[in-house]
Structures are given as structure tokens and as C-alpha cells.
1. Any idea which of (1) assigned to a helix (DSSP H, G or I); (2) at pLDDT 95 or above; (3) within 12 Å of the chain's Cα centre (by Cα) is the one Gly52 doesn't satisfy?
2. So, in the range 70-85, how many residues would count as being closer than 20 Å to Met1 by Cα and part of a helix (DSSP H, G or I)?
3. For the range 42-95, enumerate the residues that are of a type in the set (S, T, N, Q) and touching a residue at least 40 places away in the same chain (Cβ under 8 Å).
4. Going through the range 9-41 one residue at a time, which ones are more than 11 Å from the chain's Cα centre (by Cα), in a helix (DSSP H, G or I), modelled with pLDDT of 90 or more and not acidic (Asp, Glu)?
5. Would you check which residues across the range 44-59 are small (Gly, Ala, Ser) and surrounded by 14 or more Cβ atoms within 10 Å (Cβ to Cβ) and list them?
6. Just one of the numbered conditions (1) surrounded by fewer than 16 Cβ atoms within 10 Å (Cβ to Cβ); (2) at pLDDT below 95 is not true of Trp68; which one?
Amino acid sequence: MHLRVEQAVVDRFEVPQHEGVRALLARIRAEWQGPGRGQARIQLACLRLAAGDLLQLRQSVAAAEIDWRDVLVSAGLGNADWPEVLRRDGWPVPD
């Protein structure tokens, strides 16, 4: 998991939930957008949509498994300015 995604998990979920959150995010496959920033972008989109709620995260990951592009758009990360959107809203941005 990308360091910035890990940071978002720690910042937005309670400690007892961290393992479950990581397991859910691990279902997001790198080949959907390539390893590194692409995978992290989808994971951060799911975390944004979840807003700290584990049930919402499950739903976001399930939606990403159907079509990850819908999740990016729903989270406001569907355009080329997605790093700026994350920064503006106080989210970590993958390198």
C-alpha cells in the first residue's frame, strides 16, 4: 500500500478498523490503472467516498470492482487535476 494511502487510513479510521480497511483496499487491483499513483488514486477515491465509515468503504470498493472510473468521478478525482483536489481538501497526494 502506498505510504500516502496508509496515512489516509490512519487519519480517517479508528485503530481497530485499520486491518479491515487495509484488506478492503488490497482488493483494488494495480492493473486497473497501473501500480503506484494509479492504484493509490483509486484507493484514495474509495476512502474519500467512505468518509471514515467502514460500511461505506465496502460499498466504494465493491463499486470500484465493477468500474473504478465511476468511483474516481464520484469522489471528484476523475480529471487530471485530481492531485490538486486532494491537496485542497487536506488529503495526502501520492508521489
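1. (1)
2. 4
3. If the condition is that a residue be of a type in the set (S, T, N, Q) and touching a residue at least 40 places away in the same chain (Cβ under 8 Å), then Gln43 is the only one that fits.
4. Scanning the range 9-41 gives Val10, Arg12, Val15, Pro16, Gln17, His18, Gly20, Ala23.
5. As a first pass, look at the range 44-59 and keep what is small (Gly, Ala, Ser): 45, 50-52.
Matches in the range 44-59: Ala45, Ala50.
6. (1)
The values are calculated or read from the model by the stated rules, or taken from the named source; none is laboratory data. Worth saying up front: this structure is predicted, and the values here are computed from it rather than measured. Glycine also receives a Cβ, built like all others from the backbone with ideal geometry; neighbour counts cover every protein chain displayed.
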